[in-house]
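K.L.:
Take this structure, written in structure tokens, and hold onto it; I'll ask about it next.
Every number in this text was worked out from the coordinates using simple rules, so none of it is lab data. These numbers come from a predicted model, not from an experiment. Every residue, glycine as well, gets a Cβ built from its backbone with ideal geometry; the counts of neighbours run over all protein chains shown.
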Amino acid sequence: MKYPISPDLVAEKNDQLTPDLQKDYDALGEQLERRGLDIKALIRQAEDFDIAVPSWGTGTGGTRFARFPGEGEPRNIFEKVEDCAVINQMSGCASEISPHFPWDKVDDFSELKAHSSQYGLGWSSVNSNTFQDQPDQECSYKYGSLSHADAAVREQAIAHNLQVIEWGKQLGSKVITVWVGDGSNHPGQQHFQRAFERYLASAKAIYQGLPEDWEMHIEHKMFEPAFYSTVIQDWGSNILAAMETGERCKSLVDLGHHAPNVNIEMIVSRLIQFKKLGGFHFNDSKYGDDDLDSGSLHPYQQFLIFNELVDAEYRKQPGFAPAYMLDQSHNVTDPIESLINSATEVQRSFIKALLVDRKALERYQSDNDAIMASNTLKAAFNTDVSPILAMARKNKGAAIDSLATYRASGYRQQAAKARPDTGGNRSGIV
Ligand code: RM4
Ligand code: MN
Ligand code: MN
């Protein structure tokens with residue numbers, strides 16, 4: 001196994017921090033025991049938790065105004081893999097990468113797979129891209145892709161998705177995530193029903209090419225690039241499309257893709273109920289698709305989402321196995337630091353949701369005791385589970401203090417030397 005950061009450095013830092021961690025861990029263990037919870041079981045759950053990292057998140061993001069690149073950004077998928085290896089080594093809970101095509105296309109996928117395997121990394125969902133034109137493509141996606149009025153454009157977009165599945169097979173992926181920017185910018189520009197019918201026909205054509213053991217995830221997003229109407233704009237259109245397309249077609253929830261104040265945890269519950277929850281793109285958001293760091297703004301909302309997920313597991317809801325992934329854009333931070341932090345914050349929400357006293361909650365719900373039901377959730381949310389997360393990291397050879405260890409390693413400074421800034425790619429998304 002290859003490590004981007006010296007395991008000796010990690011062990012040295014961990015040794016310094018272990019005595020204090022042990023005290024905090026023991027104190028928390030006692031407290032949880034009084035509440036009828038076994039800290040050892042929670043540690044195991046924390047150790048098993050894993051969230052995939054988006055390959056495109058390892059570069060500095062941008063807005064349509066500008067992009068201010070950071071030092072030592074990865075210049076290709078091989079370097080992105082190395083950064084993902086750092087994220088996994090420090091956090092202990094991010095062992096898979098989600099690639100985006102054609103951004104991450106390579107000539108030899110076996111070489112790429114060998115490269116990721118030496119770091120112990122695997123590949124999660126593959127993502128297609130029909131929201132940009134590529135230099136060598138025949139038809140333009142300016143007016144849409146899977147729902148385009150012209151059949152030739154739709155066929156090109158379908159063929160691209162099928163090609164992405166082929167690449168994904170070579171990496172060992174089992175899911176394709178489809179997000180399209182199709183929609184309109186002017187009232188009247190597009191016939192809502194016809195556009196959706198065309199989308200559904202295209203989605204079915206992709207689904208026909210889906211291997212038996214794969215899932216197809218549809219991602220909705222309210223706006224951007226289309227600012228008046230978007231074909232798959234909300235979870236309603238999403239679940240309709242998933243239901244029409246087929247059993248293994250499910251909905252993906254990106255936290256930033258809803259109108260402000262929307263009750264995302266309830267959407268999650270609905271999708272679980274109808275076996276249509278495919279997975280998540282975690283991030284945080286204040287205004288729209290801001291792609292802020294997960295849990296940086298609405299940690300309680302993230303907890304409430306995990307409360308639904310843990311509840312589904314508790315009830316042994318059939319067919320429940322959503323895929324977890326981060327999807328954020330980092331404009332002002334070191335992407336590696338943001339992704340380490342975010343993976344840990346999502347893991348934190350999961351562990352806190354495991355603390356919820358579900359029997360008590362059920363009782364309060366049937367007694368219509370609103371305040372005690374709410375306090376039951378709050379009791380879990382207000383518990384600081386940091387010692388559990390840190391101990392899980394230590395047990396897995398990851399860093400007790402992930403960010404301090406990463407900074408002490410000088411990885412970014414070495415990357416800056418090894419990957420000189422070429423001055424290109426200063427505008428646009430991601
Ligand atoms: C979109 C959406 C997709 C991602 C692109 C890059 O807003 O979140 O998941 O593929 O951005
Ligand atoms: Mn997304
Ligand atoms: Mn997004």
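K.L.:
Against the empirical 2.2 N^0.38 Å scaling, what ratio does the C-alpha Rg of region 2-69 come to?
P.N.:
Scaled against compact globular proteins, the figure is 1.75.
K.L.:
Could you list ARG412, ARG194 so that the one with the fewest beta carbons within 10 Å of its beta carbon is first and the one with the most is last?
P.N.:
ARG194, ARG412
K.L.:
Would you mind calculating the relative contact order of region 261-347 from Cα pairs under 8 angstrom and at least 6 residues apart, reporting the percent as a whole number?
P.N.:
Result for region 261-347 is 38 percent.
K.L.:
Note down the magnitude of the dipole of the chain about its Cα centre, charges +1 on Lys and Arg C-beta and -1 on Asp and Glu C-beta and zero elsewhere, to the nearest 20 debye.
P.N.:
400
K.L.:
Find, among the chymotrypsin sites (Phe, Trp or Tyr not before Pro) in region 1-66, those assigned to loop by DSSP (not H, G, I, E, B) with at most 10 other beta-carbon atoms within 10 angstrom.
P.N.:
PHE65
K.L.:
While we're looking at this one, here's another question. Could you pull the Rg and Dmax for the chain, using just the Cα atoms, both in Å?
P.N.:
My reading of the Cα-based Rg and Dmax gives 22.0, 66 Å.
K.L.:
Okay, next question. At q = 0.17, 0.28 Å⁻¹, what is the base-10 log of I(q)/I(0) for region 42-113 according to the Debye formula with one equal point scatterer per Cα and no solvent? Please give it to two decimals.
P.N.:
-0.72, -1.30
K.L.:
I would also like to ask the following. Looking at region 30-153, I'd like the Rg to Rh ratio, where Rg is from alpha-carbon atoms and Rh is Kirkwood's inverse mean 1/r.
P.N.:
Radius of gyration relative to Kirkwood radius: 1.13.
K.L.:
Dipole of region 193-261 (Lys/Arg Cβ +1, Asp/Glu Cβ -1, origin at the Cα centre): which of TYR199, GLY209, PRO260 lies farthest to the positive side?
P.N.:
Farthest towards the positive pole: TYR199.
K.L.:
Let me ask something else. Placing +1 at every Lys and Arg Cβ and -1 at every Asp and Glu Cβ, with all other atoms neutral, what dipole size does region 12-90 have around its Cα centre, in debye to the nearest 20?
P.N.:
440
K.L.:
In addition: What is the distance in Å between the Cα centroid of region 35-72 and that of region 377-418?
P.N.:
11
K.L.:
Taking the dipole about the Cα centre of the chain, with the C-beta of Lys and Arg at +1 and of Asp and Glu at -1, give me whichever of TYR411, GLY70, ASN185 is farthest to the positive side.
P.N.:
Towards the positive end, the residue furthest out is ASN185.
K.L.:
A further question on this structure: Given PRO4, SER294, SER269, which one lies farthest toward the positive end of the charge dipole of the chain, if we put +1 on the Cβ of every Lys and Arg and -1 on the Cβ of every Asp and Glu?
P.N.:
With unit charges placed on the Cβ atoms, the residue in question is SER269.
K.L.:
Enter the mean projected area of the convex hull around the alpha-carbon atoms of region 129-231, in nm², rounded to one decimal.
P.N.:
Result: 6.5 nm².
K.L.:
Please sort by residue number the chymotrypsin sites (Phe, Trp or Tyr not before Pro) in region 236-285 whose DSSP state is loop and whose Cβ has at most 15 other Cβ atoms within 10 Å.
P.N.:
In loop regions of region 236-285 (DSSP not H, G, I, E or B), the sparsely surrounded chymotrypsin sites (Phe, Trp or Tyr not before Pro) are PHE274.
K.L.:
Residues with amide H under 5 Å of CYS249's amide H, sequence separation 5 or more or different chain, H placed in the peptide plane at 1.01 Å from N; which?
P.N.:
Answer set, sorted by chain and number: MET216.
K.L.:
While we're here: If exposed GluC sites (Glu not before Pro) are those in a DSSP loop with at most 11 other Cβ within 10 Å, what is the longest stretch of the chain that has none?
P.N.:
No qualifying site falls inside 213-430, the longest such stretch.
K.L.:
Right, another one. Connecting C-alpha atoms closer than 10 Å in a GNM of the chain, tell me which of TYR314, TYR141, TYR119 has the biggest fluctuation.
P.N.:
Its mean-square fluctuation being the largest, the pick is TYR314.
K.L.:
For each of LYS105, LYS13, count neighbouring Cβ atoms within 10 Å of the residue's Cβ, then give the residues from fewest to most.
P.N.:
LYS105, LYS13
K.L.:
Here's another thing I want to ask about it. How large is the convex hull of the Cα atoms of region 275-415 per residue, expressed in Å³ as a whole number?
P.N.:
Taking only Cα atoms, region 275-415 has a hull volume of 147 Å³ per residue.
K.L.:
If the only charges are +1 at each Lys and Arg Cβ and -1 at each Asp and Glu Cβ, what is the size of the charge dipole of region 121-265 around the Cα centre, to the nearest 20 debye?
P.N.:
Value, rounded to 20: 120 debye.
K.L.:
Cross-link list LYS113/LYS250; LYS80/LYS204; LYS174/LYS417; LYS142/LYS204; LYS169/LYS221: which exceed 25 angstrom alpha carbon to alpha carbon?
P.N.:
In this structure, LYS113/LYS250; LYS80/LYS204; LYS174/LYS417; LYS169/LYS221 exceed 25 Å between Cα atoms.
K.L.:
How much of the DSSP bridge set in the chain is antiparallel, in percent, rounded to the nearest 5?
P.N.:
15
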